[in-house]
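Colleague: I'd like to ask some things about the structure below.
The values are calculated or read from the model by the stated rules, or taken from the named source; none is laboratory data. All of these numbers come straight from a predicted model, not from anything done at the bench. Quick reminder, even Gly has a Cβ in these numbers, built from the backbone with ideal geometry, and neighbours come from all protein chains shown.
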Amino acid sequence: MHATASAPNPVAARLVALPRAMAGLLAAGGGAIAALGFEPVASIAGPILGAALLLVLLSARPASQAFGLGFAFGISHFVVGLWWIATAFTYQSAMPPWMGWVAVVGLSAFLALYPALAALAARRLTARTVPLSLLFAGLFILTEILRGTLFTGFSWNPLGAGWLQLEGVSALAAIIGANGLSGLALLCAGSLAVLLAGRGEAGRIVLAGVFPLLLALGFIVPAARPPLPAPDGATFLIVQPNIDQAQKQGPGGFEASLVRLMDLSREGLARHPETSAVVWPEAAVEYPLEEMAGLRAQLAALLKPGQILLTGGVAIERDDIGKAIGARNSLYALDHQGRILMRYDKAHLVPGGEYLPLRWLAEPLGLARLVPGSLDFLSGSGPATFRLPGLPALGPAICYEIIFPGAIVDRDDRPDLVLTVSNDAWFGPSGPPQHHAQARLRAIEEGLPIVRVTPTGVTGFIDPRGAILETLPRHAPGTAAMAAPAPLAPTPFARLGLAAPGLFALILIALGAWLRRRKT
């Protein structure tokens, strides 16, 4: 085993002596521990402890092993965080359910390349724990941004999501975004790593103080901030029917779901006659509303003049002779006369869910998309702002779209509120709360309140600081009504987008590179 440049200490000496396979297992264990920062555990201690273990391994082991250690960390991290994807395969008949686990492991192996590259680049530059921690934090932010943008992107579960339990730290997402919060988690991991393996290094005391400082902020900031004004905008009635995916796709499931939504809406409107808008989940109406005037009239009968129904639906695109050539996952606004006031088409579709990439290759291999039906979904034009009578300016985001930082609102026409509808009934026990956590991060980043509706939960209202105002119980039918909170002024992140965490990453990398040149 080759010696490294790190200062000798008992921890490093033991890690150097480990067989390579054992070091890889330890890194994988660190990745699994780091995934405890996600729902349903949602403890920031997980990412800090798990990443600290990886950093200590990187500082002690040869640079030639850095990619493998980062990959082992990443694949276990993503498998633990994304196992819920396998549940979605139980709701389709085109592929055997066991292929869900193949998908989880395959996707996790691909996503693991990002932390592996960050680990390789950081360790190639230095083995000393302080600059290594700074370099890895900055490079990890950049690779996390790339993970959310390359090949259509997959921003699910940023490492910093665990900070949501500390309001004063998660508030920093308004400046550096969720990806920046991931960097803060890694700086805290570096705080722990230098205590274990950074003896005598320049900057050790400063880095070791990062975690206590953030912990203090977590308690001080909420107490120091002025309270938000009481909501006094238009009242939204949110409806959660509790129809799971198996029921909905079973015989008569679409009709039963629609009847329950209508019954719950009548009851809710009777209790809350001041309602301005009724909100139903994604794909609540599985029929093309443009083509079904009778159904529109039936839905409109729920409403009084001035009230609006906002519902997920499916639009059909047809060619010149009327043949269906594609579908769209849409959000509709109907008034009390059954007129369509708005249709927003989902722009960021789920590969393998709503369309099948490389269909010419995938179909001969026995692959199919998860959403039933033969028509691939077509993407819309992107974030938009809609102004409907009596409602605040709305920025719609359908399901998957809410996970992408910097990509949920029209920056040239900022809305007053984000309305996100989803169908999380596919996602097992851990996927829905993870999805809801993503929505909370978007609220903080943009300084906008969010109304979120799903068929089985998590359904509720989120204020522009990411706090949960009201949530309907999961797996229970129900309604809730609330006046829309006012938006905050545009945050630094709302102005800069992903450039904000990118700039933070470059600062960390520059600081790490400077400390790398200093003698220990």
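Colleague: Considering only segment 150-171, state which residues are in contact (Cβ under 8 Å) with a residue 12 or more places away in the chain, surrounded by fewer than 21 Cβ atoms within 10 Å (Cβ to Cβ) and more than 13 Å from the chain's Cα centre (by Cα).
Modeller: 152, 165, 166, 167, 168, 171
Colleague: Something else: Any idea which residue in segment 478-491 is nearest to the chain's Cα centre (by Cα), counting only those that are in a loop (DSSP other than H, G, I, E, B) and surrounded by fewer than 18 Cβ atoms within 10 Å (Cβ to Cβ)?
Modeller: Quick first cut of segment 478-491, residues in a loop (DSSP other than H, G, I, E, B) only: 484-491.
Next, from what is left, pick out any that are surrounded by fewer than 18 Cβ atoms within 10 Å (Cβ to Cβ): 489-490.
Details: 489: 23, 490: 21 Å.
Step by step, filter segment 478-491, then rank; the result is 490.
Colleague: Let me ask something else about it. When the residues of segment 492-505 are narrowed to those that are touching a helix residue (DSSP H, G or I) at 6+ places or on another chain (Cβ under 7 Å) and assigned to a helix (DSSP H, G or I), which ends up surrounded by the most Cβ atoms within 10 Å (Cβ to Cβ)? Write out each step before concluding.
Modeller: So in segment 492-505, the residues touching a helix residue (DSSP H, G or I) at 6+ places or on another chain (Cβ under 7 Å) come out as 492-494, 498, 500-502, 504-505.
If we keep only those that are assigned to a helix (DSSP H, G or I) too, we end up with 492-494, 500-502, 504-505.
Working: 492: 14, 493: 27, 494: 21, 500: 24, 501: 31, 502: 19, 504: 23, 505: 24.
Ranking the qualifying residues of segment 492-505, first place goes to 501.
Colleague: Looking at the structure I just gave you, is residue 60 farther than 26 Å from residue 458 by Cβ, modelled with pLDDT under 95 and surrounded by 22 or more Cβ atoms within 10 Å (Cβ to Cβ)? I'd like the intermediate steps shown before the answer.
Modeller: Working: farther than 26 Å from residue 458 by Cβ: yes; modelled with pLDDT under 95: yes; surrounded by 22 or more Cβ atoms within 10 Å (Cβ to Cβ): yes.
Here the answer is yes, as residue 60 does meet what is asked.
Colleague: Quick one: would you say residue 265 is outside the structural domain of residue 423 (by TED's automatic domain parsing) and not in a loop (DSSP other than H, G, I, E, B)? Even if it seems obvious, please write down each step before you answer.
Modeller: Values: outside the structural domain of residue 423 (by TED's automatic domain parsing): no; not in a loop (DSSP other than H, G, I, E, B): yes.
Taking the combined requirement at face value, the residue does not satisfy it.
Colleague: Please go through segment 411-455 and give me each residue that is part of a helix (DSSP H, G or I) and either in contact with a His (Cβ under 8 Å, 6 or more places away or on another chain) or of a type in the set (Val, Ile, Thr) (or both), ordered by number. Walk me through how you get there before you give the answer.
Modeller: Of segment 411-455, the ones part of a helix (DSSP H, G or I) are 424-426, 431-446.
Selection gives 424, 444.
Colleague: Oh, and also: List the helices (runs of 4 or more DSSP H) inside segment 55-167, counting only whole elements, that have at least 1 residues being over 24 Å from residue 26 (Cβ atoms).
Modeller: 85-88, 99-111, 129-147
Colleague: Suppose we filter 87, 129 for residues that are under 19 Å from the mean Cα position of the chain (by Cα), modelled with pLDDT under 95 and hydroxyl-bearing (Ser, Thr, Tyr); which single one remains?
Modeller: 87
Colleague: Regarding residue 205, is this residue surrounded by fewer than 20 Cβ atoms within 10 Å (Cβ to Cβ), of a type outside the set (D, E, K, R) and either without any contact (Cβ under 8 Å) to a residue 12 or more places away in the chain or not in a helix (DSSP H, G or I) (or both)?
Modeller: Criteria met by residue 205.
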